[in-house]
Amino acid sequence: MRIDSGTIEGGTGTDVEDVSAFRARAAEWLAATMPPAVPNRARGGDDSIAIWDRARELQRILHAGGFAGLVFPKQYGGQGLTVAHQRAFNELCGPYEMPLLLNVPSFTIMAATLLDFGTEEQKRRHIPAILRGDEVWVQFLSEPSGGSDLASARTRATRDGDHFVLNGAKVWSSAAFVADYAMILARTNWDVPKHRGLTMFIVQVHQPGITVNRIKQVDGSAEFCEEFFTDVVVPEADILGRENDGWTVATTLLAHEKNAVGGGSPYISGATALIERQDPIGELVELAGGPAALEDGHLAELVGEAIMLQEVRKHTIASVAARMARGEMQAPASAVLKLFDATSHMRTSDISVELAGSGAASNSGLAGRYLMRQARCLAGGSNEIQRNIISERVLGMPREAAADRDVPFRELGASRTSRA
Amino acid sequence: MICPPDEEQRIFLDTTLSFLQRTCGTEAVRALADTPAGFDRAWWRQGAELGWTGLLVAEELGGGSVSGAGLLDLLLVAEQLGRHVGPGPLIPTSAALAGIAGSDGAARHARTIDAVVAGESVLTWCAAAARGETGPTLSGGGDGLVLSGTAVDVEAAADADVLLVSATSPDGPTQVLVAADAPGVTVTTTGSIDLTRRLGVVRFDGTPIAADALVGVPGGAADDIARQRRIAVVLQCAEAVGAAERVFDFTLDYVADRFSFGRPLSSYQALKHRFADMKTWLEAARGIVAGAARAEQAGGPEAERTVAAAKAYAGDVLPQLVQDCVQMHGGIGVTWEHDLHLYLRRVSFHRALYGTPNEYRRRLASSAAA
């Protein structure tokens, strides 16, 4: 798997602009060009199509200024710069409104995976369009019957000459209602063990035969979607990677996802980490009743703990990402970041409820966030899956017994419930 | 490694590592536990000759770093010392020496600095007062300065030759150097949870302080004291990471070798998930301690916050990690015979000294409220 800086050495040669010169140029350009940050835009339950249109518009501005896709290679519409340039840029972006929505999954997961597995034609066609803000991408991986077991996909792609016919259902895709393209994992061979009969395809989201429904969440938002596929025709030129080797593509995609969600992705643009744009600590102090309330030692310790977690998260991302780049840790180590992020998010959520006291019952914004506490521990692979990955693939402990190993997929048992 | 060594640091680290491997096996550490000082002065001198004591001291004062970033050099020593649960006053000596060598008018303490850097003289730091007390207080003026009061939790108190005392005075926080055998100084050794690191109470009873014993400007020591504390915290956290990582490594081996109900302990998902949590704590502790060391080395305004977060986090999760490893070992884990307690003692010692995790959380909150 190639998610370390090796993939994105757009240029380490002498022609690359010095980081401090770049920083100065970017600072000047940002101040002259980008609008000021809008508090809480694109956060919480705001899932309207307008915020996505706004993100695309902002991305076009960045692209026109030469600040889109900093670490992507020049031949695919990027700037061919290094992670150090991207970091310098991100540190400057706090005061400005940035198209952060496009980071996940479009830049950090989908474009990154395209870079790893796309044919020259696929890369030239899609990566520049993603970096221009013209194409928003989504991943169609999970299925109603599958849960964490992605390799059990039952959506079928049946070969018919030089194309495939797609039938089935996917779920938990983020913002598919605004997406242009998707990567979809489908079963192309039912007579081999489950990991060996899958193929990844590129499909246009809005076309005959694909129905996209939005799923309402407990906080009232409807960002997640479910999709139904009926006789959708996909040309074989839209296979990503090799036929029946879709699991290899999916595994890399998932590593990019963990890295993105955990905050360690080199492709994140416009923020030092995805969630650090707001001021959660100021919010916690407000929940506690303002600075004076922190004279209470217990409340102070809770706020201090939240600050601690924020600091630790930032430095852990830097440390683990650096160890991965040096080859001391391999790609599965991004599960460490993912698990830290999810567990510290849980803890911070509990802290906010305790700080609010009885207000936790009446504050609807806080309530919405608390009711969604576990989402971060589920999306992109549950905490339990991360713990399996860390113990088995980072620490080398024995793997769980698998009833599905070396058994042809069609002979396996399946869930009876429709959404697991 | 918490911060990966560069080429020069690598050579320095290798020398230190082979010295520790030769001299600090757990048998040797256990033998030191039965000695009054808990460390051998000749051994400490050898450590000083390897460069441990001069890293935070400027070259013109007889010190010098390996890489240009002395605290990051010293971090490597502390981490390995933790892995070996090695003895010696590395932390109080380093923190106090950094304070003296970094203070205004440091040159007047050149002789003391020389002797400490050479390992001939043992320096410790009287940093803390008992809860609810003010601790050592300076009174009088000019050549009539007098020190009175009690410092607690002083590492290597009974074996130090020189004490850096952080005192209160009418002018504000002031630091002075006091010879351990000066009039009115009484040292009482207390218990210590660590096997080789000794703690003591130092009582000053009208100890006369000459004007040239002042470190820095009278009343102006607050920043020096804060920096010394941050250095002590960074180094103790590095030792704790080293110790906890060693325990994690051998516990991972242990559960792979040990069979229960016909299969290795390491194959049980209930235990695997706990190792995944421990690995996460360890990587997070390593990350925040690296961040804290770099911030302190850089000397910017984030140092206070980052170092506080390091102690608040590592101070809690590392003892928890070692306790969990005791649990993974079963009954053997709470025996004197098994080495686990050496490491548990060390991480618990560091949790308690120079401020507890909750104290640092309150500090973090007060900076947010300010």
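Every read-out reported here was derived from the displayed coordinates using simple, explicitly stated rules and does not represent laboratory data. Not measured: the values here are computed from a predicted model. When we count neighbours, we look across all protein chains shown, and the Cβ atoms used for this are built from the backbone with ideal geometry, even at glycine.
Descriptive notes on the structure:
- Dividing the alpha-carbon radius of gyration of segment A:150-295 by the rule-of-thumb value 2.2 N^0.38 Å gives 1.38.
- Each peptide in A:67-77, A:114-124, B:220-230 receives the mean, over its residues, of other Cβ atoms within 10 Å, and ordering these scores from highest gives A:67-77, B:220-230, A:114-124.
- Rounded to whole Å, sorted largest first: equivalent-ellipsoid semi-axes of the protein assembly as shown, Cα gyration tensor: 54, 29, 24
- Computed label-point distance, nm, for sites A:Leu412 and B:Val146 using a 7 Å Cα→Cβ extension: 8.4 nm
- Between B:Thr26 and B:Glu8, full extension at 0.36 nm per residue minus the direct alpha carbon distance yields a gain of 3.6 nm.
- Rounded to the nearest 20, the Cβ-based charge dipole of the protein assembly as shown about its Cα centre (Lys and Arg +1, Asp and Glu -1) stands at 1700 debye.
- Dipole magnitude (debye, nearest 20) for segment A:19-135, charges at Cβ of Lys, Arg, Asp, Glu: 260 debye
- Positive end of the dipole of the protein assembly as shown (Cβ unit charges, origin at the Cα centre): among A:Ala37, B:Gly291, A:Trp247, the Cα lying farthest that way belongs to A:Trp247.
- Taking 0.36 nm per residue of separation and subtracting the Cα-Cα distance, full extension of the segment from A:Asp53 to A:Gln204 would add 52.5 nm.
- Here's the picture: charge each Lys and Arg Cβ at +1 and each Asp and Glu Cβ at -1 in chain A, and of A:Leu395, A:Gln310, A:Gly413 the one pushed furthest to the positive end of that dipole is A:Gly413.
- Residues in segment A:161-177 carry Karplus couplings, in order, of x, 9, 9, 10, 10, 9, 9, x, 8, 10, 8, 6, 8, 7, 6, 4, 5 Hz; the curve used is 6.51 cos²θ - 1.76 cosθ + 1.60 with θ = phi - 60°, and Gly or Pro positions show x.
- Centroid-to-centroid separation of segment A:107-147 and segment B:1-51 [C-alpha atoms, Å]: 52 Å
- Most to least packed among B:251-258, B:134-141, B:329-336 [average Cβ atoms within 10 Å]: B:134-141, B:251-258, B:329-336
- Debye intensity ratio in log₁₀ form over the Cα atoms of segment A:19-135, taken at each q of 0.09 Å⁻¹: -0.24
- Averaged over A:389-400, number of beta-carbon atoms from partner chains that fall within 10 Å: 6
- 222 nm mean residue ellipticity, helices alone, for chain A (DSSP H n ≥ 4; -39,500 (n - 2.57); rounded to 500): -12000 deg cm²/dmol
- A simple spin-label model places pseudo-atoms 7 Å from Cα toward Cβ; at A:Leu378 and B:Thr188 they are separated by 6.0 nm.
- FRET efficiency for the pair A:Ala360 and B:Gln323, taken as 1/(1 + (r/R0)^6) with r the Cβ-Cβ distance and R0 = 30 Å, rounds to 0.40.
- Counting all C-alpha pairs of segment A:87-192, share separated by more than 21 Å (%): 48 percent
- Per residue, the convex hull spanned by the Cα atoms of segment B:172-302 amounts to 160 cubic angstrom.
- Alpha carbon Rg of chain A, scaled by the compact-globule rule 2.2 N^0.38 Å: 1.00
- Measuring r between the beta carbons of A:Leu371 and A:Asp149 and using R0 = 22 Å, the FRET efficiency lands at 0.25.
- Between A:Ile215 and A:Arg125, the distance separating the two model label sites (each 7 Å from Cα on the Cα→Cβ line) works out to 3.0 nm.
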